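Novice: Okay, here's the structure, questions in a sec.
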Protein chains: 2
Amino acid sequence: MRMKDIADLAGVSIATVSRVINNPDQVKPETREKVQKILEQTNFVANAVARGLVINSMRTIGVLTVDIRDMFFARVIYTIERGFKDLGYNVLLSNTGGEPEEKKRYIQVMLEQQVDGLILVGSVFRERTGNKHILTAGRSVPVVLINSFLEGENIYSILCDEGEGIREAVNYLVKLGHRDIYYFIDTKSFSGLAKLEGFRRGARENGLDERKVLEIPRSLEGGEEGVYRLLEEKKKFSAIVTGEDLTAAGALKALLKLGYKVPGDVSVVGFNNLLLAEMTTPSLTSVDNMGEAMAMAAVQTLYNVLQKNPTPPKTVLTPLLVPRESTGAFPG
Amino acid sequence: MRMKDIADLAGVSIATVSRVINNPDQVKPETREKVQKILEQTNFVANAVARGLVINSMRTIGVLTVDIRDMFFARVIYTIERGFKDLGYNVLLSNTGGEPEEKKRYIQVMLEQQVDGLILVGSVFRERTGNKHILTAGRSVPVVLINSFLEGENIYSILCDEGEGIREAVNYLVKLGHRDIYYFIDTKSFSGLAKLEGFRRGARENGLDERKVLEIPRSLEGGEEGVYRLLEEKKKFSAIVTGEDLTAAGALKALLKLGYKVPGDVSVVGFNNLLLAEMTTPSLTSVDNMGEAMAMAAVQTLYNVLQKNPTPPKTVLTPLLVPRESTGAFPG
DNA sequence: GCGATAAATGTAAGCGTTTTCGGAATGCAG
DNA sequence: CTGCATTCCGAAAACGCTTACATTTATCGC
């Protein structure tokens, strides 16, 4: 069923049908109602592809993410989708799995689909290869990066000062009397280095050993492994800061299994402030890196750009430490 | 940059450019290479919208979900997206928030966008209103339901026998010596009633009281609340089965806070077998309702239909009980 | 009721592709 | 070198809309 068919049924021209749908006030009430009745009777659905070809926009934005199963990403993408839906845009989703090649391929596909804009969630890598396609994409379409940073034509970055969040966590633990604080890090993630720097700064400022850092993979098992390694290597520690709630949950799990009291013997701090921080017992003190706020800022930024409004290329949010049960005073 | 521009640069016709892109073997190697060189030099990106208008397909499928932040949905959607990407299809995402009106609106939008098919993840409600639009959607596009069931033209359902999963959980607990088993349920979810029926059957078959059921909301707090209510009402119980890992985590949390040993005093069983079941201490015994398998079946089913292959309208998978640390022998 | 102005509707071009069809160029057998 | 089959390529229609412009119809002051 095309507009032509509706037009024939209503005895008007195809242009009038189009107007009834898009600019109802441009057509006389009488004819308008006649057409609307037929639209309803036939359950007419306009073809947005044909429309898109004419107006040169599908009112769609592409969202690239590493893995939507990650609760942080899921939350961000949820917020983006709802936000853009309210603005009348659709969301094309993808999971690159962190592969630069996949990312390249996806960007290509999304440009082919004529997206109006692109949002990349935490997916800029430090390799050169991954970024080139973002830069070229920026030439045809505005690109917003969440939790990543890149300078370039038509590229906007939304960030959270994650290093500052880690630093705050260290300060918080020091105030609780802790001196032997270990940091579990996965440097491979985008902000891994920024977080590490935050830890070092926090340690230095408090006269602690800034080398108490363990490189571990970003997973539940990684967190467990970290604890086992600390014990194997007979390290002295009363607190663990992690760059990921999931890692913190793993550390917590290992500590409890080994009979440690948390926070009685060891304090644990997570990062991201996901729902999972509330699910463990004890619940996890965590640094909130403002996932939702970043997502909202991304929507606002991209929408601004699409409206041709002047838009700052960089937005930085401040993290927030959320104390819960997994942190307590230094024992003794 | 349009094909026309490429054609002019290469000194060929637009048709030849199209052929170089879509059917390279139809054009003489010499001209082909000439065109390909220009395509690369100019970083040409074809307009899939124009293409879609001609071939009457955007190679896109729409996925409707309640809330992608739910880990179960996230996992399902991830699997769908990856699966369809490999088949050359894009995924249009949406979160209906469970509102029938939103669902209706989304379906409308996706039909306008000319999706090739629709997958609804766990979003058929028992109200009549929510289903009518699915049925009418089926008239223009194949619809696959995950974890829901509906009969109709062009409608396919992928299910898991969730009641059977709950029944198995009851049997498992009975084998461990438990007799006072409570079931925490949220009847508002699609399979809520099927699960309840599974619990009743399991209880009956083992000569237990099948009325030991508590209606609670599907959330962490719901699980906690359930435990408090059992205690307030002075119920006797040594095991709790839930319809949701999240609920189980809440119950576990409340029990641990109140000083109960799990599984020493009380056993807890979750449902969905999400990552979070591994994150708690003790980890949660859970019924796996085959989210990934359902998603894969949905992809296969929809693809089959799109290929005009005969396809069964209903696929039912069998759940699997995954024992972990939260269940143990009846105390004493 | 007349002409001038405003409102309503129709006509047709154009959006960037794919693809059918026919013509030109090429290859090959005789 | 001719004739025919085959390969390659271009012209043009088609996809279903939007919208500028043209045309028709309604409105209004006089």
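Novice: Going from most exposed to least, what order do A:Thr315, B:Thr280 have by accessible area with a 1.4 Å probe?
Specialist: My answer, sorted largest first, is A:Thr315, B:Thr280.
Novice: Taking the 0 to 90 degree range and rounding to the nearest ten, how far is the long axis of helix A:291-306 tilted relative to the main principal axis of chain A, both from C-alpha atoms?
Specialist: The answer is roughly 30 degrees.
Novice: Looking only at other chains, what is the average number of their beta-carbon atoms within 10 angstrom of each beta-carbon in B:247-254? Mind dumping the intermediate values first?
Specialist: Working: counts 0, 1, 6, 2, 0, 3, 6, 1.
Rounded to a whole number, the mean comes out at 2.
Novice: Let me ask something else. Would you tell me the mean number of C-beta atoms belonging to other protein chains that fall within 10 Å of each C-beta in B:95-108, as a whole number?
Specialist: Per residue, the number of nearby Cβ atoms from other chains is 1 on average.
Novice: Could I ask something else about it? Sort B:Phe237, A:Phe190 by accessible area with a 1.4 Å probe, largest first.
Specialist: Ranked list, largest accessible area first: A:Phe190, B:Phe237.
Novice: Next question, about the same structure. Out of residues 5 or more away from B:Thr315 or on other chains, whose amide H comes under 5 Å of its own, with H placed 1.01 Å from N in the peptide plane?
Specialist: Excluding prolines and chain starts, which carry no amide H, the hits are B:Ser157, B:Ile158, B:Leu159.
Novice: A further question follows. Report, in listed order, any pair from B:Lys195/B:Lys236; A:Lys132/B:Lys34; A:Lys308/B:Lys4 with a Cα-Cα distance greater than 31 Å.
Specialist: On the way: B:Lys195/B:Lys236 22 Å; A:Lys132/B:Lys34 25 Å; A:Lys308/B:Lys4 28 Å.
From B:Lys195/B:Lys236; A:Lys132/B:Lys34; A:Lys308/B:Lys4, over 31 Å: none.
Novice: Right, another one. Given label points at 7 Å from Cα along Cα→Cβ, what nm distances, shortest first, separate A:Leu87 from the same residue in every other copy?
Specialist: Once sorted, the set of distances for A:Leu87 reads 3.2 nm.
Novice: Taking H as built 1.01 Å from N, whose amide H comes closer than 5 Å to the amide H of A:Ser94, not counting residues under 5 places away?
Specialist: It is A:Val63, A:Thr65, by chain and number.
Novice: Let me ask something else about it. Before rounding to the nearest 500, sum -39500 (n - 2.57) across all DSSP H runs of length at least 4 in the protein assembly as shown and divide by the residue total; then give [θ] at 222 nm in deg cm²/dmol.
Specialist: -14500 deg cm²/dmol
Novice: According to the Cα gyration tensor, what semi-axes, each the square root of 5 times an eigenvalue, does the equivalent ellipsoid of the protein assembly as shown have, listed from largest to smallest in whole Å?
Specialist: In descending order the semi-axes read 47, 35, 21 Å.
Novice: Also, quick follow-up: Just by accessible area at a 1.4 angstrom probe, what is the order of B:Thr318, B:Thr285 from largest to smallest?
Specialist: B:Thr318, B:Thr285
Novice: Now for a different question. Restricting to Cα pairs below 8 Å that are 6+ residues apart, what does the relative contact order work out to for chain A? Please round to a whole percent. All intermediate terms of the calculation are to be shown ahead of the outcome.
Specialist: Details: 638 pairs, mean separation 50.2, N = 332.
Relative contact order for chain A comes out at 15 percent.
Novice: What's the local net charge at B:Gly138, with K and R +1, D and E -1, over the other residues with C-beta under 15 Å away?
Specialist: On the way: positive: B:Lys103, B:Lys104, B:Lys132, B:Arg139, B:Lys314; negative: B:Asp116, B:Glu151, B:Glu153.
That works out to +2.
Novice: Which shape class applies to chain B: rounded if a/c is under 1.5, otherwise prolate when a/b exceeds b/c and oblate if not, where a ≥ b ≥ c are the square roots of the Cα gyration tensor eigenvalues?
Specialist: Note, shape of chain B comes out prolate.
Novice: What is the extension gain from A:Glu215 to A:Arg139, computed as 0.36 nm multiplied by their sequence separation minus the C-alpha to C-alpha distance, in nm to one decimal? Intermediate values should be presented prior to the final figure.
Specialist: Details: separation 76, 0.36 × 76 = 27.36 nm, distance 3.74 nm.
Result: 23.6 nm gained on full extension.
Novice: Using a Gaussian network model of chain A with C-alpha springs under 10 Å, which one of A:Val49, A:Val170, A:Val305 is most mobile by mean-square fluctuation?
Specialist: Per the Cα network of chain A with a 10 Å cutoff, A:Val49 tops the list.
Novice: Compute the acute angle (0 to 90°) between the alpha-carbon long axis of helix A:220-232 and the principal axis of greatest extent of the alpha-carbon atoms of chain A; round to the nearest 10°.
Specialist: Rounded to the nearest ten degrees, it is 10.
Novice: Using a basic spin-label model with each label point 7 Å from the Cα along Cα→Cβ, how many nm lie between A:Asp180 and B:Asn309?
Specialist: In this crude label model, A:Asp180 to B:Asn309 measures out at 6.1 nm.
Novice: Strictly over 26 Å apart at the Cα level, which of A:Lys253/B:Lys257; A:Lys103/B:Lys103; A:Lys253/B:Lys261; A:Lys175/A:Lys261 would you flag in this model?
Specialist: Pairs exceeding 26 Å: A:Lys103/B:Lys103.
Novice: Quick one: what are the phi-derived ³J(HN,Hα) couplings along segment B:133-149, Karplus 6.51/-1.76/1.60 with θ = phi - 60°, whole Hz, x for glycine and proline?
Specialist: 6, 5, 4, 5, 4, x, 6, 9, 7, x, 10, 10, 9, 10, 6, 8, 9
Novice: Given DSSP loops and a limit of at most 10 other Cβ atoms within 10 Å, what is the longest stretch of chain B that contains no such trypsin sites (Lys or Arg not before Pro)?
Specialist: Free of exposed loop sites, the longest segment is B:1-127.
Novice: Give the range of the longest stretch in chain A that excludes all GluC sites (Glu not before Pro) found in loop regions by DSSP and having at most 15 other beta-carbon atoms within 10 Å.
Specialist: Numbers: sites that count: A:Glu127, A:Glu151, A:Glu153, A:Glu233.
Longest run free of exposed loop sites: A:1-126.
Novice: What does DSSP give for the protein assembly as shown in terms of the percent of beta bridges that are antiparallel, rounded to the nearest 5? Walk me through the numbers before you get to the answer.
Specialist: Values: 9 of 81 bridges.
About 10 percent, rounded to the nearest 5.
Novice: Round to the nearest 10 and give me the degree value, 0 to 90, for the angle of helix B:192-205's Cα axis relative to the longest principal axis of chain B.
Specialist: 40 degrees
Novice: At 7 angstrom along the Cα-to-beta-carbon line, where would the label on B:Leu231 sit relative to the other copies? Give the distances in nm, shortest first.
Specialist: Copy-to-copy label distances at B:Leu231, shortest first: 3.0 nm.
Novice: Another one. Note the distances from B:Gly259 to each other copy's matching label point, with points 7 Å along the Cα-to-beta-carbon direction, in nm, sorted shortest first.
Specialist: 2.2
Novice: Just to confirm a number: summing +1 for Lys and Arg and -1 for Asp and Glu over residues other than B:Phe72 whose beta-carbon lies under 9 angstrom from that of B:Phe72, what do you get?
Specialist: Local net charge: -2.
The values are calculated or read from the model by the stated rules, or taken from the named source; none is laboratory data. Since this is a predicted model, take the numbers as computed values, not measurements. Ideal geometry is used to build each Cβ from the backbone, glycine not excepted, and the neighbour counts take in all protein chains shown. The protein model used for the area step is the full one, side chains on, heavy atoms only, and it has no ligands, DNA or RNA in it. Shrake-Rupley method; radii C 1.70, N 1.55, O 1.52, S 1.80 Å.
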